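This report concerns only the one structure given below.
The values are calculated or read from the model by the stated rules, or taken from the named source; none is laboratory data. Computed from a predicted structure; not experimentally measured. Using ideal geometry, Cβ is built from the backbone for each residue, glycine included, and neighbour counts are taken over all protein chains shown.
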Amino acid sequence: MPRGGTGRHACLSPGPPRRGRVVAVHGHHFQVHDGEHVIGCVTRGKKGGVACGDWVRFASTHACSGVIERIEPRRNLLYRSDRHRSKLIAANLDQALVVVAAVPLFREELLIRCLLACEAADIPARIILNKTDLAETADLAEALRAYATLGYTLTAVSALGDIAALQALLRGRTSVLVGASGTGKSSLLNRLVPTARATVGEISQVLDAGRHTTTHTRLHALPGGQASGSLIDSPGMQEFGLEHLRTRDLMHAFPEIRGRLGLCRFHDCRHVREPGCAVLEAAQAGGILPSRLRVYHSLLQDR
Ligand SMILES: Nc1nc2c(ncn2[C@@H]2O[C@H](COP(=O)(O)OP(=O)(O)OP(=O)(O)O)[C@@H](O)[C@H]2O)c(=O)[nH]1
Ligand SMILES: [Mg+2]
Ligand SMILES: [Zn+2]
């Protein structure tokens, strides 16, 4: 059994393609769970683009391995992108849990970018504030209250303490843990799926940042049988590239802008400094977080 995986490794006799779910991604190697076994698979040729959580058709070959023939249509796909390529995070999600913490240093822009990617992919997002056992967390909890009014429920937990509130959110769903390195994603996973035994890293005091301990995305079955749901742990990121979002996508990915589209004087308003802009007026009246408007404007500059 792969550490923290789902099911047993198997050598199967070759046969017609079967259905399975991708539970781990290691570069061009994938682990596929067919409901009973985990089979190491590759893709045919150079075809990449398989994400953790994908449902695939695969054929078992002569060894203890298989070949992914095709990816079934996805319900959704969470990914980030830079100028050169896309980095797939996970597919077919019921929700994304964006994990934040006061230690290492909280970076609001990373949270905002994670939430934008979720919005653009039409994946419901929640914020999980971890490390409530640390005194520094109280101020962050206060600062994040404004996010609840945007529709992102905040759940505060400690991986060292009571995680019942988080457990309740996961039941029967496929969820992914995303966020900055060192916020405690793998620590939370280990509490929720004790057999996962995921490696937990130290935090660099010098850099006040995580050390990118988790290097691969992996799906874990939550305890209690099939209906319990699945939890995907992903590597923490330092940056969250959003090259794939065009100006229009961005406007829609900010709920506070989306809700005001059509209310500006000019129909092609970009909400930067146009007169009669409903978004800027709302911001001036204190109805929009300045930090979020700043990120919106800086993202527009790249487009
Ligand atoms: N005090 C406190 N420390 C925690 C908590 N959760 C995690 N940590 C610590 O935070 C550090 C990073 O934890 P990880 O679980 O490795 O963080 P991660 O988000 O998985 O990091 P990456 O895999 O690099 O993305 C470790 O030293 C953990 O012991 C918590 O609730 N409270
Ligand atoms: Mg981790
Ligand atoms: Zn406007």
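Among the residues of region 256-290, which ones are more than 10 Å from ligand 3 (Cβ to nearest atom) and in contact with a Gly (Cβ under 9 Å, 6 or more places away or on another chain)?
Listed by number, the list holds a single entry, Glu256.
From the set of residues in region 191-228 that are of a type in the set (D, E, K, R) and either in the same structural domain as Ala51 (by TED's automatic domain parsing) or touching a helix residue (DSSP H, G or I) at 6+ places or on another chain (Cβ under 9 Å) (or both), which is farthest from Leu93 (Cα to Cα)?
So the residue we want is Arg197.
When the residues of region 217-253 are filtered to those that are within 20 Å of Leu111 (Cβ to Cβ), surrounded by fewer than 19 Cβ atoms within 10 Å (Cβ to Cβ) and charged (D, E, K, R), which remaining residue is farthest from ligand 3 (Cβ to nearest atom)?
Here the answer is Glu239.
Give the residue, chosen from Leu222, Leu250, Leu189, that is hydrophobic (A, V, I, L, M, F, W, C) and closer than 19 Å to Arg113 by Cα.
Result: Leu250 is the single residue among Leu222, Leu250, Leu189 that is hydrophobic (A, V, I, L, M, F, W, C) and closer than 19 Å to Arg113 by Cα.
Could you tell me whether region 151-168 includes any residue that is without any contact (Cβ under 8 Å) to a residue 12 or more places away in the chain, surrounded by fewer than 16 Cβ atoms within 10 Å (Cβ to Cβ), assigned by TED's automatic domain parsing to the domain that holds Thr132 and among the hydroxyl-bearing types (Ser, Thr, Tyr)?
So the first thing to find is which residues in region 151-168 are without any contact (Cβ under 8 Å) to a residue 12 or more places away in the chain, and the list is 162, 164-165, 168.
Checking the rest, the ones that are also surrounded by fewer than 16 Cβ atoms within 10 Å (Cβ to Cβ) come to 162, 164-165, 168.
Applying the additional criterion that residues be assigned by TED's automatic domain parsing to the domain that holds Thr132 yields 162, 164-165, 168.
With the extra rule that they be among the hydroxyl-bearing types (Ser, Thr, Tyr), the set shrinks to none.
No, there is no match, as no residue in region 151-168 is without any contact (Cβ under 8 Å) to a residue 12 or more places away in the chain, surrounded by fewer than 16 Cβ atoms within 10 Å (Cβ to Cβ), assigned by TED's automatic domain parsing to the domain that holds Thr132 and among the hydroxyl-bearing types (Ser, Thr, Tyr).
Given the options Leu88, Leu97, Leu110, name the one that is at pLDDT 95 or above and assigned to a helix (DSSP H, G or I).
Checking each option against the conditions leaves just Leu110.
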